[in-house]
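The values are calculated or read from the model by the stated rules, or taken from the named source; none is laboratory data. Keep in mind that this is a model prediction, so the values were computed, not measured. Cβ atoms come from the backbone with ideal geometry, glycine included; neighbour counts cover every protein chain shown.
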Amino acid sequence: MPPQTLKVDSVQLEFDGRSILQDVSLNCTQGEVVGILGRNGCGKSSLLRIIFGTLKAAYKYVSIDDQYIHKGYHNNHIAYLPQQSYLPKNIRISELAKMLVDDRSWAEFSGLDIYRQHGHKKPDQLSGGELRQLEMLMIIYSRADFILLDEPFTHISPIQADEFKPIIKTCARHKGIIVTDHQYYNILDVSDRIIMITNGATKPIADRSELITYGYLNR
Ligand SMILES: Nc1ncnc2c1ncn2[C@@H]1O[C@H](COP(=O)(O)OP(=O)(O)OP(=O)(O)O)[C@@H](O)[C@H]1O
């Protein structure tokens with residue numbers, strides 16, 4: 001099957017009369033990782049939630065292969081790792097994983113050290129970083145065609161982040177991945193393209209120096 005393309009356009013989001021997003025244009029084709037960078041409060045999480053379908057925008061156009069998508073979470077189109085922990089605390093990781101992980105990826109997922117060590121535990125028996133890694137992996141290995149990751153590297157030590165980046169890249173061979181994080185060096189490493197959100201608009205970043213121009217990095 002040819003790779004599918006997720007397109008996001010014409011997003012308008014306001015909170016309390018304040019415009020947050022108004023000039024968004026973003027696409028992601030299966031086979032690539034698109035990184036989103038931007039200052040605190042610029043609207044990165046809001047944009048991911050709008051694409052996923054859990055935040056209502058005044059207007060949005062989201063499509064996959066030009067078919068309008070009302071709620072990204074329907075029909076396994078899109079999976080989303082939110083900024084905060086999303087798993088119920090009193091169910092074993094192994095039971096949760098069986099519901100979330102794609103059968104075709106089960107052998108690979110269940111062979112990962114982190115799952116072998118902690119799969120028998122419940123989320124409240126894990127450290128913040130262990131839980132974050134497992135939550136991210138369950139989303140990456142889910143059935144969805146497109147994956148949205150909001151701050152996957154938060155709580156993750158540098159050595160573990162280095163282990164996850166190849167997993168994200170491997171997963172992107174057959175899925176489209178959109179990822180945002182303030183650990184911008186990890187985003188630069190893992191992404192094929194970078195988009196910056198500034199003043200409510202998306203700007204493609206062709207060169208790292210533009211991160212300075214747009215006021216994201218210091219000179
Ligand atoms: N429910 C809400 N009601 C009012 N304002 C909100 C609400 N949710 C978010 N905002 C505001 O919208 C803006 C965008 O928030 P969002 O969480 O999308 O930013 P972000 O780029 O992900 O920020 P960060 O990098 O700090 O996580 C912020 O100014 C935030 O204060």
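Things worth noting here:
- Of the set (1) over 17 Å from Ile78 (Cα atoms); (2) surrounded by fewer than 18 Cβ atoms within 10 Å (Cβ to Cβ); (3) touching a Phe, Trp or Tyr at 6+ places or on another chain (Cβ under 8 Å), all apply to Ser105 but (1).
- Within region 1-50, tally of residues that are at pLDDT below 95 and among the hydroxyl-bearing types (Ser, Thr, Tyr): 2
- Residue in region 6-27 that is away from the ligand (no atom under 15 Å from the Cβ) and not in a strand (DSSP E or B) present: no
- Pairs linking a residue in region 29-46 that is farther than 22 Å from Asp145 by Cβ to a residue that is within 16 Å of the ligand (Cβ to nearest atom) and among the charged types (D, E, K, R), with Cβ atoms under 7 Å and 6 or more positions apart or on different chains, are Gly38/Lys44.
- Residues in region 142-195 that are among the aromatic types (Phe, Trp, Tyr) and in contact with an Asp or Glu (Cβ under 7 Å, 6 or more places away or on another chain): Phe153 only.
- Residue check, Arg49 assigned to a loop (DSSP other than H, G, I, E, B) and not hydroxyl-bearing (Ser, Thr, Tyr): no
- Contacts under 6 angstrom Cβ, first residue in region 152-166 being closer than 18 Å to Met138 by Cβ, partner β-branched (Val, Ile, Thr) and modelled with pLDDT of 95 or more, 6 or more apart: Lys165/Val190
- Put simply, of His155, His77 the only residue that is modelled with pLDDT under 95, within 25 Å of Val190 (Cα to Cα) and in contact with a helix residue (DSSP H, G or I) (Cβ under 8 Å, 6 or more places away or on another chain) is His155.
- Meeting the requirement of 1 or more residues that are of a type in the set (S, T, N, Q) and within 16 Å of the ligand (Cβ to nearest atom), the helices (runs of 4 or more DSSP H) wholly within region 91-200 are 184-190.
- Taken over region 183-219, residues that are buried (at least 16 other Cβ atoms within 10 Å of the Cβ), free of Cβ contacts under 8 Å to residues at least 60 places away in the same chain and of a type in the set (A, V, I, L, M, F, W, C) amount to 0.
- Within region 38-70, considering residues that are under 21 Å from Val179 (Cβ atoms) and among the charged types (D, E, K, R), the one surrounded by the fewest Cβ atoms within 10 Å (Cβ to Cβ): Arg39
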